[in-house]
Ligand code: COD
Ligand code: ZN
């Protein structure tokens, strides 16, 4: 029996309060309104950003449904939706692309001005929520909310993908993989033969490593304070591993020495202001480029010596790898299907959805790269 046009009762992992574990409860998901899409989630990854939201270091209103790295199937669509239809396999997009605003129309921009990726209202663009728990509305997160059997997103925040794509793998294209890989090949535009340094070897950092390697970098230095991250980093292309704890001088000095003057490209994939400044200082003073991929805690500030930029370095940021999401995600999925890159090394754990709290513990204790939850 079709569920289109009806309220769906389903299971969701709700975060009722900041710093509290997820509660698996039954919620109600209203049908999509005009220009909205209701999606049955098949698989969702656990990303560090979700944990930043749980801990409060990234502001988001509670109670909420977190999760933003997923793949699913369209259950029904609201009036006026043209880009997807019921039955389509899709990836929800935490960086929406309306395709019509000045940013979407600009070839160099990937952050939609109409639907901000940084919107923290917790509501759909028209101002209300589609989620209800015990008669009260729940907030959404990152334009997506994927820790639920069903979610509703705006049409600008969903991309149709190859029907044959395995959801338990390509869900990573919804965030971690694309964010890291794109920051190297699209934002930094790493050139063949160059030297790169990647600060932070979590799922996103390893995806940066894959991007640097795909772009032909000849030396990739991995920097992490957890030495357990080094084996996998080497498998994926890191040539030198550096643990800042092994040195009694600043890590930027170590890297400048190792590279005889600084790396061509450095990437901060941790989300700390100190490592952002260190990564800037670790790139070559004339032509080095440093890319900020990590998000620092809300309201924090970076302090740095302006001479670092005065000499010629370039400092950039990259959200979702600089990709225009609605356009790029289907192509990235096709590239995955054509075996242009692999996602397997990033997926260390797969768990049933109900074990979401266990999945977060694996992340917090540094045991997992990516845990994928299956519905
Ligand atoms: N020096 C070196 N390494 C460090 C340090 C340090 N001072 N502190 C921590 N690390 C290492 C950790 O040991 C870990 O291996 C790695 O840094 C971080 O990895 P994870 O597994 O915690 O995180 P990821 O890879 O899943 O995500 C990292 C991000 C920086 C991308 C994430 O935290 C973040 O800020 N996301 C926001 C960026 C973004 O685009 N978000 C949109 C949705 S994700
Ligand atoms: Zn993420």
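We did not get these values from a lab; they are worked out from the coordinates using the rules stated. Predicted model only: the values in this text are computed from it and were never measured. When we count neighbours, we look across all protein chains shown, and the Cβ atoms used for this are built from the backbone with ideal geometry, even at glycine.
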Query - Separation of the residue 164 and residue 113 label points, Cα + 7 Å toward Cβ, nm - result: 4.1
Query raised in the report: Roughly what angle does helix 325-337 make with the longest principal axis of the chain, taking Cα atoms, 0 to 90 degrees, to the nearest 10?
Result: 80
Query - For the range 198-320, average projected area of the Cα convex hull in nm² - result: 7.4
Report task. Take 181, 133 and order them by how many other Cβ atoms sit within 10 Å, fewest up front. Result -> 133, 181
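Pull up the DSSP beta bridges for the range 1-139 and report the antiparallel fraction as a percent, rounded to 5.
Here the share of antiparallel DSSP bridges comes out near 95 percent.
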Query raised in the report: Hey, how many Å between the Cα centroid of the range 23-57 and the Cα centroid of the range 109-129?
Result: 15
Report task. Please identify, among 354, 335, 264, the residue showing maximal mean-square fluctuation in a Gaussian network model of the chain using a 10 angstrom Cα cutoff. Result -> 335
Report summary line: Largest-first semi-axes in Å of the equivalent ellipsoid built from the Cα gyration tensor of the range 1-115 are 25, 22, 12
Query raised in the report: Angle, helix 203-214 long axis vs. longest principal axis of the chain, Cα atoms, 0 to 90°, nearest 10?
Result: 60
Query raised in the report: Using 0.36 nm per residue, how much length does the chain from residue 331 to residue 307 gain when fully extended, once their Cα-Cα distance is taken away?
Result: 4.6 nm
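To the nearest µm²/s, what D does Stokes-Einstein give for the range 119-171 at 10 °C and 1.306 mPa s, using the Kirkwood radius over alpha carbon pairs as Rh? Show your work: numbers first, answer last.
Values: Rh = 12.7 Å.
Diffusion coefficient, whole number: 125 µm²/s.
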Report summary line: In Å, the Kirkwood estimate of hydrodynamic radius for the range 252-375 over Cα pairs equals 17.2
Query - residue 82 versus residue 134: modelled label distance in nm, points set 7 Å from Cα along the beta carbon direction - result: 4.4
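Ranking 129, 290 by Cβ neighbours within 10 Å, fewest first, what do you get?
Ascending number of Cβ neighbours within 10 Å: 129, 290.
Could you compute how fast the range 41-190 diffuses translationally, taking Rh as the Kirkwood radius over C-alpha pairs and applying Stokes-Einstein at 20 °C with viscosity 1.002 mPa s? Give it in µm² per second.
Once the numbers are plugged in, D ends up at 134 µm²/s.
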Query - All-pairs alpha carbon distance profile, the chain, 20 Å steps from 0, percent - result: 30, 57, 13, 0
Requested in this report: Would you mind ranking 323, 315 by Cβ crowding within 10 Å, fewest neighbours first?
Outcome: 315, 323
Query raised in the report: Rounded to the nearest 5, what % of the DSSP beta bridges within the chain are antiparallel ones?
Result: 55
Query raised in the report: How much FRET efficiency would the formula 1/(1 + (r/R0)^6) give for residue 338 and residue 57, where r is the Cβ-Cβ distance and R0 is 35 Å, rounded to 0.05?
Result: 0.40
Query - Dimensions in Å of the range 171-258 - Rg and Dmax from alpha carbons - result: 12.6, 40
